[in-house]
Amino acid sequence: MNCLRSLKFIKKVDPKYKKYGLEIILIHPPEWEFEKLRENIDFAIKKYKITFPLIIDKDKKIIKKLKVNFWPTQILIKNRKILYKHVGEGAYKKLENSILKSLKLKSKKIFNQEPKYIKYPTFYLGKRKQNKAITHNGWIQKDEHLQSTKNSSSLTIFTKGRIINFVAESLSKRPIKVNVKLNNKVIKNLTINKPQLYNIIKLKNVKQQNLTLTTKRNLAVYSFSFQ
């Protein structure tokens, strides 16, 4: 989710400065195993309308060479020299200033002020990046995700922000239904199929609430993100 939020701002930079020689290239270091599969990468490129060249960094050799251990990271390179580097979201105004300086341009800016963006961290469910503030029944924890093992498996989290998303997939050959409750009240049903980011709910306020998902076996949930 952090990368998708960053992508929204990077997309604004490309059409303005491409004609002056700026070339944007996305480096994709897969966070989960399913992100290494070409079919899933192609699906995401189409879904999020990505038109930049994209390099799949399966073994993370490129980002290690660039000394990147967290993403998104924005790096401005000219003649093999790093002119600007920012780890994490934000600092888009500084990025644009560095682009203008490197291209020796005086132009009306896209970001006169630093854009506002949500700073809630992603909530991981696998053993590798485990978060504790979750209760679940009928799930087994794998390295990358929680996997439902019963036909009435449920998990509950406390919400943050107004928009709640999660990365999930059906491990069966067919779609899986997920019942969504907010404060014990059923609000909707989701259909989960291929691995991707799914929107769960858009709330009217940022008040913390209980969100419960109930499903059948063989659903994998990787993370929750909040906006």
Yes or no: segment 142-155 includes at least one residue that is within 12 Å of Leu211 (Cα to Cα) and surrounded by fewer than 16 Cβ atoms within 10 Å (Cβ to Cβ). no
Looking at segment 92-109, can you tell me whether even one residue there is within 21 Å of the chain's Cα centre (by Cα) and not assigned by TED's automatic domain parsing to the domain that holds Lys216? yes
Name the pairs whose Cβ atoms lie under 7 Å apart, with the first residue in segment 1-22 and within 22 Å of Lys47 (Cβ to Cβ), the second among the small types (Gly, Ala, Ser), and 6 or more positions between them or separate chains? Met1/Ser225
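Kindly establish whether Pro175 is free of Cβ contacts under 8 Å to residues at least 24 places away in the same chain, in the same structural domain as Leu219 (by TED's automatic domain parsing) and of a type outside the set (Ser, Thr, Tyr).
Working: free of Cβ contacts under 8 Å to residues at least 24 places away in the same chain: yes; in the same structural domain as Leu219 (by TED's automatic domain parsing): yes; of a type outside the set (Ser, Thr, Tyr): yes.
Here the answer is yes, as Pro175 does meet what is asked.
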What is the number of the single condition among (1) touching a strand residue (DSSP E or B) at 6+ places or on another chain (Cβ under 7 Å); (2) touching a residue at least 60 places away in the same chain (Cβ under 8 Å); (3) farther than 16 Å from Thr122 by Cβ that Thr156 does not meet? (2)
Starting from residues that are within 20 Å of Lys194 (Cα to Cα) and among the hydrophobic types (A, V, I, L, M, F, W, C), keep the ones in segment 21-42 and report whichever is farthest from the chain's Cα centre (by Cα). Leu37
If I ask for residues that are basic (Lys, Arg) and over 19 Å from Tyr84 (Cα atoms), which ones from segment 17-32 would you list? Lys19
Looking only at segment 90-120, and only at residues there that are in contact with a strand residue (DSSP E or B) (Cβ under 9 Å, 6 or more places away or on another chain) and closer than 21 Å to Gln227 by Cα, the one that is modelled with the lowest pLDDT: Ile118
Breaking point among (1) under 29 Å from Ala91 (Cβ atoms); (2) surrounded by 14 or more Cβ atoms within 10 Å (Cβ to Cβ), for Thr214: (1)
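Just to check your reading of the model, which residue among Gln196, Gln209 is touching a residue at least 12 places away in the same chain (Cβ under 8 Å) and within 15 Å of the chain's Cα centre (by Cα)?
Testing whether each residue is touching a residue at least 12 places away in the same chain (Cβ under 8 Å) and within 15 Å of the chain's Cα centre (by Cα) leaves just Gln196.
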Name the one entry in Val13, Val87 that is in contact with a Ser or Thr (Cβ under 9 Å, 6 or more places away or on another chain), of a type in the set (Val, Ile, Thr) and over 28 Å from Lys194 (Cβ atoms). Val87
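The values are calculated or read from the model by the stated rules, or taken from the named source; none is laboratory data. Nothing here was measured: the structure is a model prediction, and the numbers come from that model. Heads up, the Cβs are rebuilt from the backbone with ideal geometry, glycines too, and the neighbour counts pull from every protein chain shown.
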